[in-house]
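A.B. asks: Pasting a structure below so you can have a look.
Just so it is clear, none of the values below were taken in a lab; they were calculated from the coordinates. These numbers were taken from a predicted model, which means no experiment stands behind them. For neighbour counting, all protein chains shown are included, and Cβ atoms are generated from backbone atoms with ideal geometry for every residue, glycine included.
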Amino acid sequence: MFRRPTLPKASPPLPAYSARTLPGWWSLARSRSLAHERTLPRRLATSAALALTALPASAALVALTAAPADAARPAPSPSAYPAQVAYRPSPAHRSRRPRRARTHGPRRPARTHRRVKPRPHPKRPPLRGYAARAQDAYRAMQRVFYLPSARLYRGSPYSYLWPYSQALAATISMAGVPGASRGYRRHVAERLAGLESYWGASRQPPAYEGAVTPPLGPGGQTFYDDNAWVGLELVRLYRTDRQTGHLARAREIFSAIIAAWDADPTHGCPGGIPFSDSPRNDQRNTVTGAPAAELGVRLYELTADRSTLEWAKKMYDWVRDCLAQAGGLYGDHVAPDGTVDATTWSYNQGTMVGAGVLLWRATGQASYLSDATETAEAALIHFDAGRLHREPAFFVSVYFRNLLLLDAVRPDPGYRQALRSYADWAWRRVRQPASGLYTFGPNGTVQLLDQAAMVNLDGLLASSINTYF
């Protein structure tokens, strides 16, 4: 049991000790900063030690031996502590060790711990006019038709290559609209990933099939006009990102189209590109020859491969020889016996205008540009507002896209004015304001092909034609 020692009464008073003359453990106890103590018992002990330094040594010894170290004691009042004990450091200071005093050099200014907020990215201004219309149509298309898990569009269960090719074109168009978000580049990458679901690698030569290939779909026959649409978009994309894979795939497509050339001399008007590779197909069309000629010229401009230019000339000449009508317009297709379907669709006129402009640009022969101008002027008269409103929206988008290509080299305000009139009519009369969908389909239905076409049409008015050709 602990007993309190007693001091002799006659003991002379001991001299008072300063903090420097006390033993080492005592000096250490005093030198510790109260600001860095974490618990109340330690602060109490340290405060008591500081208080003892002011007493004579005899009184200090009595105070130290007055009670056991673990004995319970009442909580002292705040007035019992020295003034500095009331300081309660912040967590930030409590977690740091005390800094060592500087022994040389000028005193540094106190460091302030000011939290700097990250600078926000500048917001892009909202799109306006036709650019905003194109974005509205695109968002509605994605919301209703796009299936993100498969990276494909709705159909049976997925869309055919034809509408998918125009959704690809619409995405590339949005990526080229001035002021549009950079996020459209990611959308383009998704369209390219989904496009691979249509590639028929086992075909000889390989080409895109009309439907999604196994295991997601049944695949199907190859439609050469659809392949030409995809090839033109890949070339258009290559001009912006310079990824050689796009150009290589476009050349594969053109090789497949060349291989399909009809070489049967018994057919009426021999030559031309068939509509598809199906044995039951017996048509050779303007829509297969003219877009393929455009693709051939574009490949020549990028690769300087003379053979692609020669094939483009051959395809263009066949359409002019076999399907040209009086007045500068073109029919639809030729049967094996040479019978011509003289139906005039707007996109057939447009692709022949575009092929003529591109051939003039590649060769410098004025006759190509004259032919294109003649067809464009005739088409502008033939396809008045009433007739254009009855055409499929996709046909109209191809038609105006090529008219604006001619307008870039031989301007005519009538081309762009006709496009504005059609786009404004569709915005007011066909578009559903609540959903942003264009109900061109029968009984007020909406189709992916038409929705994508309106994205392209509004994108044409919001962008330079150089982003398309």
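A.B. asks: If I model a spin label at Arg390 and Ser367 as a point 7 Å from the Cα along the Cα→Cβ vector, what separation in nanometres do I get?
C.D. replies: 3.6
A.B. asks: Equivalent ellipsoid semi-axes for segment 274-415, as square roots of 5 times the alpha carbon gyration tensor eigenvalues: give them largest first, rounded to whole Å. Please report the intermediate quantities before stating the final value.
C.D. replies: On the way: eigenvalues 92, 91, 33 Å².
Equivalent ellipsoid semi-axes, largest first: 21, 21, 13 Å.
A.B. asks: A further question follows. Taking a temperature of 4 °C and a viscosity of 1.567 mPa s, what whole-number D in µm²/s does Stokes-Einstein yield for segment 203-294 with Rh from Kirkwood over alpha carbon pairs?
C.D. replies: Details: Rh = 13.9 Å.
The diffusion coefficient I find is 93 µm²/s.
A.B. asks: Enumerate the residues in segment 347-385 having an amide nitrogen under 18 Å from the point lying 7 Å beyond the Cα of Arg429 toward its Cβ.
C.D. replies: Backbone N within reach: 381-385.
A.B. asks: Once Lys and Arg get +1 and Asp and Glu get -1 on their Cβ, which of Gly356, Trp318, Thr339 lies farthest toward the positive end of the dipole of segment 311-387?
C.D. replies: With unit charges placed on the Cβ atoms, the residue in question is Gly356.
A.B. asks: Ranked highest first by the average count of other Cβ atoms within 10 Å around their residues, in what order do 239-246, 458-465 fall? Please report the intermediate quantities before stating the final value.
C.D. replies: Details: 239-246: 12.8, 458-465: 21.5.
Highest-to-lowest ranking by the protection proxy: 458-465, 239-246.
A.B. asks: Counting Lys and Arg as +1 and Asp and Glu as -1, each charge on the Cβ, what is the dipole of segment 139-287 about the Cα centre in debye, to the nearest 20? Let's see the in-between values first.
C.D. replies: Values: 16 positive and 12 negative charges, 175 e Å.
Magnitude of the dipole: close to 840 debye.
A.B. asks: Can you find, among Gln451, Ser463, His382, the residue sitting farthest towards the positive end of the charge dipole of segment 363-465, where Lys and Arg contribute +1 and Asp and Glu -1 at Cβ?
C.D. replies: So the residue furthest toward the plus end is Gln451.
A.B. asks: Might you report the magnitude of the Cβ-based charge dipole of segment 361-433 about its Cα centre, with Lys and Arg at +1 and Asp and Glu at -1, to the nearest 20 debye?
C.D. replies: Details: 10 positive and 8 negative charges, 85 e Å.
Once rounded to the nearest 20, the dipole reads 400 debye.
A.B. asks: So, one more: Suppose each label sits 7 Å from its Cα in the direction of the beta carbon; what would the Asp264-Asn443 distance come out to in nanometres?
C.D. replies: 3.9
A.B. asks: Let me ask something else. How far, in nm, would the chain grow between Arg154 and Thr303 when pulled straight, counting 0.36 nm per residue and subtracting the alpha carbon separation?
C.D. replies: Numbers: separation 149, 0.36 × 149 = 53.64 nm, distance 3.62 nm.
Result for the pair: 50.0 nm of gain on full extension.
A.B. asks: Give me the number: length gained by fully extending Asn466 to Arg410, i.e. 0.36 nm times residue separation minus the C-alpha to C-alpha distance, one decimal in nm. If you can, show how the numbers build up before the last one.
C.D. replies: On the way: separation 56, 0.36 × 56 = 20.16 nm, distance 1.45 nm.
That pair, Asn466 and Arg410, stretches by 18.7 nm at full extension.
A.B. asks: Kindly provide the trypsin sites (Lys or Arg not before Pro) of segment 126-169 that DSSP labels as loop, not H, G, I, E or B, and whose Cβ sees at most 11 other Cβ atoms within 10 Å. If you can, show how the numbers build up before the last one.
C.D. replies: Values: sites: Arg128, Arg133, Arg139, Arg143, Arg151, Arg154; in loops: Arg128, Arg151.
Loop-located and lightly packed - Arg128.
A.B. asks: Starting from the Cα of Glu190, step 7 Å along the direction of its Cβ; do the same at Gln417; then give the gap between the two resulting points in nm.
C.D. replies: Label-label distance for Glu190 and Gln417, simple model: 4.1 nm.
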